[in-house]
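These notes concern the structure reproduced below.
The values are calculated or read from the model by the stated rules, or taken from the named source; none is laboratory data. On a predicted model such as this, the values are computed, not experimentally measured, just so you know. Note: ideal-geometry Cβ built from the backbone for every residue, glycine included; neighbour counts use all protein chains shown. SASA here: full protein model, heavy atoms, side chains in, ligands and nucleic acids out. Shrake-Rupley method; radii C 1.70, N 1.55, O 1.52, S 1.80 Å.
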Amino acid sequence: MLVKPFLSMILLSGIILIGISGCDTRFKPDTVLSQYVSDLNRSQLLSISVPAILMPNGLPALRDRQTPLSTFDIGLLDFLSLQRCDVGIVAGRKNSILGKVMPDSQRFLYELDIIRAIESCDISDSELSKALNLIAQKKRLELPIAFGNALFSGAESKVFFSLSNGFLPLDYSTADQQVLLSALNRLVSIGEHLNELPNLNGKAFEADLKALMDSEYAGRLLYTLAQISRYLATVSKAVSQLDSMACGASMVYFQRQFDVNYIKIIQPYMGRVTRSAYQVLPLLNRLAELSAPLRVNMSTFMNQFSLIEFNSEWLRFQRASQTHARHWSELFALCSVPVKG
């Protein structure tokens, strides 16, 4: 009688252990960075206190990243008069019960369809034709907004940009992001050809958005850059304050910790992160450009990924890395120690 409860307890314990292991893996880079500081602090010459976690700006609320689109309603008589065209069918799809609550990804596909339907329909009623063509023109101008809503307002973007997923894995490599890159390239191609009203496969478009979500990449990269920058800036500041008193036995110890922790583990990890970012960030920034104008808060959020904005997390990471390397190089030169790495 006790067998089933006993097996249930074993199963539950296994699930808990797997969960804990997953969390440990997700934040393992933090352990590595903490160890670097901890080992340096064993020297009497250093007392490095890493500040509390500094979080990047999180994804804005839906109301701050979704832009309303113009509505298209037609009366019953007009609807009936258009039955020989696709306009009535497409418009009816939007005005249905399900159409009124369609997600932003489906709304984008609808916008393409309704513009295509209007522009391909020969309407005999000149007044109605003129009114519909004005709607088509307006909706063409709104296509980048509809595209941006599809990219940044859905459940997929919430996961893709989430900061709660932790670091990029310690062994992350560009080989891990081929599905993501393929999806991003296809989405960029769509954005660059909006004027041509691309005839999209809805399932394929949704699959590309899901590929972004499954990768969790953008939020993880943002979190990773911010935390590495925090550690490197703190170590840099402490090392910059050392003088010739650090030469001798202390320098031998510092050089070993620099080699064991930074050169062999942290720097290769940073290199993998950098290589992956150089593949993804140009595409991500291009999507933001193709979705303009973004809402103010969303634009501010996306600037954190910028390759050129001075205060972006990317460039802050680059500066922290360079400053860290420079201060160590200066200390090694002061003590006439060959520079490694």
Exercise for review: Any residue in region 160-175 that's over 20 Å from L284 (Cα atoms): show its pairings with residues that are part of a helix (DSSP H, G or I) at Cβ separation under 6 Å, as long as the two are six or more apart or on different chains.
Suggested key: L170/K28; L170/P29; L170/Y269
Review point. What single numbered condition from (1) within 27 Å of G271 (Cβ to Cβ); (2) more than 26 Å from the chain's Cα centre (by Cα); (3) exposed (fewer than 15 other Cβ atoms within 10 Å of the Cβ) fails to hold for Q44?
Key: (1)
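Tell me which residues, restricted to region 317-335, are under 30 Å from M55 (Cβ atoms) and open to solvent by 90 Å² or more (accessible area, probe 1.4 Å).
Let us first name the residues in region 317-335 that are under 30 Å from M55 (Cβ atoms), namely 317-328.
Answer for region 317-335, where residues must be under 30 Å from M55 (Cβ atoms) and open to solvent by 90 Å² or more (accessible area, probe 1.4 Å): Q322, R326.
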Exercise for review: Would you point out which residue out of Y223, Y231 is outside any loop (DSSP other than H, G, I, E, B), under 19 Å from N303 (Cβ atoms) and open to solvent by 10 Å² or more (accessible area, probe 1.4 Å)?
Suggested key: Y223
Practice item. For P338, work out the one condition from (1) closer than 21 Å to D171 by Cβ; (2) exposed (fewer than 14 other Cβ atoms within 10 Å of the Cβ) it doesn't fulfil. Key: (1)
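Search region 58-97 for residues being under 30 Å from N297 (Cα atoms), assigned to a loop (DSSP other than H, G, I, E, B) and open to solvent by 90 Å² or more (accessible area, probe 1.4 Å), and hand back the single one that is modelled with the highest pLDDT.
Of region 58-97, the ones under 30 Å from N297 (Cα atoms) are 58-72, 94.
Add one more test, that the residue is assigned to a loop (DSSP other than H, G, I, E, B), and what stays is 58-61, 65-72.
Checking which are open to solvent by 90 Å² or more (accessible area, probe 1.4 Å) leaves us with 68, 71.
Working: P68: 92, T71: 78.
So, considering only residues that are under 30 Å from N297 (Cα atoms), assigned to a loop (DSSP other than H, G, I, E, B) and open to solvent by 90 Å² or more (accessible area, probe 1.4 Å), the one modelled with the highest pLDDT is P68.
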Exercise for review: Can you run down the residue pairs with Cβ atoms below 6 Å, 6 or more apart or on separate chains, where the first is in region 206-222 and more than 22 Å from S189 (Cβ to Cβ) and the partner is among the acidic types (D, E) and part of a helix (DSSP H, G or I)?
Suggested key: L222/E313
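Tell me which residues, restricted to region 177-204, are of a type in the set (D, E) and in contact (Cβ under 8 Å) with a residue 24 or more places away in the chain.
Narrowing region 177-204 to residues of a type in the set (D, E): 192, 196.
Answer for region 177-204, where residues must be of a type in the set (D, E) and in contact (Cβ under 8 Å) with a residue 24 or more places away in the chain: just E192.
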Revision key, fill the gap. With criteria (1) within 28 Å of the chain's Cα centre (by Cα); (2) open to solvent by 10 Å² or more (accessible area, probe 1.4 Å), A249 comes up short on (1)
Review point. Any idea which of (1) within 28 Å of T323 (Cα to Cα); (2) crowded, with 20+ Cβ neighbours inside 10 Å is the one K237 doesn't satisfy?
Key: (2)
Exercise for review: Output the number of the condition that L200 fails; it satisfies all remaining conditions of (1) surrounded by fewer than 19 Cβ atoms within 10 Å (Cβ to Cβ); (2) part of a helix (DSSP H, G or I); (3) of a type in the set (A, V, I, L, M, F, W, C).
Suggested key: (2)
Review point. Is there a residue being at pLDDT 95 or above, closer than 30 Å to N195 by Cα and touching a Phe, Trp or Tyr at 6+ places or on another chain (Cβ under 9 Å) anywhere in region 325-336?
Key: no
Review point. Looking at region 259-275, is at least one residue within 18 Å of I48 (Cα to Cα), free of Cβ contacts under 8 Å to residues at least 60 places away in the same chain, over 18 Å from the mean Cα position of the chain (by Cα) and open to solvent by 50 Å² or more (accessible area, probe 1.4 Å)?
Key: no
Revision key, fill the gap. Across region 269-322, the tally of residues that are of a type in the set (G, A, S) and either outside the structural domain of D30 (by the TED database) or in a helix (DSSP H, G or I) (or both) stands at 7
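State which residue is farthest from H193 (Cα to Cα) when the search covers only region 137-158 and only residues that are of a type in the set (A, V, I, L, M, F, W, C) and buried (at least 18 other Cβ atoms within 10 Å of the Cβ). Steps first, answer last, please.
We begin by selecting, within region 137-158, every residue of a type in the set (A, V, I, L, M, F, W, C); these are 141, 143, 145-147, 150-152, 155.
With buried (at least 18 other Cβ atoms within 10 Å of the Cβ) added as a condition, the list becomes 143, 145-147, 150-152.
Details: L143: 11, I145: 14, A146: 14, F147: 11, A150: 16, L151: 16, F152: 19 Å.
Within region 137-158, the match that is farthest from H193 (Cα to Cα) is F152.
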